[in-house]
Amino acid sequence: MLSRFRLCLLKLPHLKNGGSVIGPLDHRHLICGPLIPVRGKASTPLNTIIMFVPQQEAWVVERMGKFHRILEPGLNILLPVVDKVKYVQSLKEIAIDVPKQSAITSDNVTLSIDGVLYLRILNPYLASYGVEDPEFAITQLAQTTMRSELGKILLDKVFRERESLNVSIVESINKASEAWGITCLRYEIRDIKLPARVQEAMQMQVEAERKKRAAILESEGVREADINVAEGKRQARILASEAERQEQINKASGEAQALLAIAEARAKGLELVARPLKTKDGQNAASLNVAELYVQAFQKLAQKGNTIILPSNVGDVTSAVSQAMAVYNHLSKKNEVISSSLDKTEKSAEYFSDKEN
C-alpha cells in the first residue's frame, strides 16, 4: 500500500492563525501530495498512515467526516482515505495581542487601552468543535469584558487598581471560555492613553497635591519647632525652680545649723558661767559685774540724745550703786536657792548611785 504513495520529506514553517501559533509542522511529518487548507487560515497534514505528533500538540482526527480521536505526541497510525487530520491545536501557553479600543469610565472619561492576553487550550475537542475561531472569539471577549469592567470604576482607580482590574477581566473571560475548552491564565493592561485635556488636568492635580503636601510638611515643621522651643522653655523654668528650691533648702539648712551652733555656744558659755556662781567669791564677782554694767548703761544713755525716763535721784551716785547692789542681792538670793537645789539634787544623785553600788 505504501508503494502507491509518493513519499516526500518537507520542512514546513510554523503555521499561524491570525498571528498566534496554531501548530508547528516540521520535517518529522511524512506528507504525500499538497496540503489541504482548513478554514482558509491554516493547513493540516495529510494522512500518511504513519504520523509523528510533536510534543505539546493535539491533532484532532475525523473518520469519514466524524470525530474519531485525538492523536497524542509520538508515533500514531491512521487508516488511509477514511482518517483525516482535521485540526491541529497547540497545548502551549499562547499570547494574544488585544487591539487598542476606546472605553468610557464611570466618570465619563474616554480612554484608549490595549493589552496582552495569555491563554491555554485545555480541551482540544471543545476548542475545535465548540467555537469556529477560538482566537477571534477570545479577542472579542477580552475587548468587551475590558470595556465592561472599565465602565464600573473611576479613572483614578484605573491607575491605582490595575492589578485588580486585570483579575476581574480574567475571571469574566474564563466564565465564557469554559465552554470552548480554553482557560485564560492572565491579562495585562499594556498601555492607557488619555485625552490631552484630561492629561493636563491630571497633571495640574498632581502639582496641586504636591504643593499641598509641601505646605503641610512646612506647617508641621514650624509646629515641631514651636513645640521644641516651648518644651525647652518649660524645662528651663523647671530647672530654675528646682535650683531656687534647692538654694532655699541649703540656705535654711545653713541658718538652722548656725542657730544650733550659736545655741550650743551660748549653752556652753552659760554652763561655764554657772559653775563659778556656785562659790561665794563667784557670786560676789557677779554682783559687782552687774553693778558696773548698770552704771555703764546709764552713762551710755546720757551721752545720746534720747528721751528716757529716769528716777528722781539719778544724780545721786550712791543711790544708783545702792540700787545696783539691791538688784545684785536679789539675784544672789536666787542663785543661793538655785545652788542649794542643785546641791540637793547632786547629793540625792550620789545617794542613789551609792545605794545602787
### Query
Is it fair to say Ile113 is surrounded by fewer than 18 Cβ atoms within 10 Å (Cβ to Cβ), touching a residue at least 12 places away in the same chain (Cβ under 8 Å) and among the β-branched types (Val, Ile, Thr)?
no
### Task
Please indicate, with yes or no, whether at least one residue in region 155-174 is touching a Cys at 6+ places or on another chain (Cβ under 6 Å), under 30 Å from Thr44 (Cβ atoms) and not hydroxyl-bearing (Ser, Thr, Tyr).
yes
### Query
Do you know which of the residues in region 68-91 that are surrounded by 14 or more Cβ atoms within 10 Å (Cβ to Cβ) and of a type in the set (D, E, K, R) is nearest to Thr144 (Cα to Cα)?
Lys86
### Query
Do we find a residue being farther than 22 Å from Thr44 by Cα, touching a strand residue (DSSP E or B) at 6+ places or on another chain (Cβ under 9 Å), of a type in the set (D, E, K, R) and assigned by TED's automatic domain parsing to the domain that holds Thr144 anywhere in region 114-124?
yes
### Task
Count, please, the residues in region 125-151 that happen to be surrounded by 15 or more Cβ atoms within 10 Å (Cβ to Cβ), out of contact with any strand residue (DSSP E or B) (no Cβ under 7 Å at 6 or more places or on another chain) and charged (D, E, K, R).
1
### Query
Does region 216-237 contain at least one residue that is surrounded by 10 or more Cβ atoms within 10 Å (Cβ to Cβ), without any contact (Cβ under 8 Å) to a residue 12 or more places away in the chain and among the hydroxyl-bearing types (Ser, Thr, Tyr)?
yes
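Quick one: which strands (runs of 3 or more DSSP E) sit completely within region 1-107 and have at least 1 residues that are at pLDDT 90 or above?
Here the list reads 50-53, 57-63, 66-71, 74-77, 83-90, 94-104.
Residues are listed down the side, and each one gets a yes or a no for (1) of a type outside the set (Phe, Trp, Tyr); (2) outside any helix (DSSP H, G or I):
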{"position": "Asp114", "(1), (2)": "yes, yes"}
{"position": "Tyr118", "(1), (2)": "no, yes"}
{"position": "Leu126", "(1), (2)": "yes, no"}
{"position": "Met146", "(1), (2)": "yes, no"}
{"position": "Ser164", "(1), (2)": "yes, no"}
{"position": "Arg190", "(1), (2)": "yes, yes"}
{"position": "Gln203", "(1), (2)": "yes, no"}
### Summary
Across region 176-188, the tally of residues that are in contact with a Phe, Trp or Tyr (Cβ under 9 Å, 6 or more places away or on another chain) and either assigned to a strand (DSSP E or B) or under 15 Å from Glu161 (Cα atoms) (or both) stands at 5
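The values are calculated or read from the model by the stated rules, or taken from the named source; none is laboratory data. Worth saying up front: this structure is predicted, and the values here are computed from it rather than measured. Every residue, glycine among them, receives a Cβ derived from its backbone with ideal geometry; neighbour counts consider all protein chains shown.
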